[in-house]
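The values are calculated or read from the model by the stated rules, or taken from the named source; none is laboratory data. In this text the structure is predicted, and so the values were computed from the model without any measurement. Reconstructed Cβ throughout: ideal geometry from the backbone, glycine too, with neighbour counts over all protein chains shown.
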Ligand SMILES: [Zn+2]
């Protein structure tokens, strides 16, 4: 086992430290960098290998046609509406819906039925449905600080040197 900070072979017990938000296994020398400890026995990812999380019900379209609302239909509607230089009032009048309906649609508080989807698609010239193909969604990676652990090690080394002289 090697230290994930300095890369040296860990002699004796490895130290599990949280460093810059990352869980690292480090040697005794680098253990002082950590802001806390972590346990290797607690699963870090809740979803690994388990059944897929229950999906929010969308609309009956999903079940009947193999089509489902696109993920960001609210933003798509809003963007298309703004592109056409329509405010919510104008747009709601255009599609003969209440303003509150349009607002809810754009906030994705409302699942439009098939009729409304078609109306929106025609009015805005956008596609709001997509074939529902089960695809693996990549797990969102935590944004990295851009620095590698090696950099942090080097930084701390140079700081130490500065102290010495
Ligand atoms: Zn180390």
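Couple of notes before you dig in:
- Contacts under 7 angstrom Cβ, first residue in the stretch 75-90 being surrounded by fewer than 12 Cβ atoms within 10 Å (Cβ to Cβ), partner at pLDDT 95 or above, 6 or more apart: 89/99
- Tally, over the stretch 4-16, of residues that are within 15 Å of residue 40 (Cα to Cα) and either outside the structural domain of residue 37 (by TED's automatic domain parsing) or at pLDDT 90 or above (or both): 4
- Qualifying residue in the stretch 67-86 (condition: touching a strand residue (DSSP E or B) at 6+ places or on another chain (Cβ under 6 Å) and at pLDDT below 90): yes
- Annotation for the stretch 152-159: at least one member residue is touching a strand residue (DSSP E or B) at 6+ places or on another chain (Cβ under 9 Å), at pLDDT below 95 and within 16 Å of the ligand (Cβ to nearest atom).
- For the stretch 1-21, the set of residues classified as more than 14 Å from the ligand (Cβ to nearest atom) and either closer than 17 Å to residue 151 by Cβ or exposed (fewer than 12 other Cβ atoms within 10 Å of the Cβ) (or both) consists of 20, 21, listed by residue number.
- Of everything listed in (1) at pLDDT 85 or above; (2) part of a loop (DSSP other than H, G, I, E, B), the single unmet condition for residue 53 is (1).
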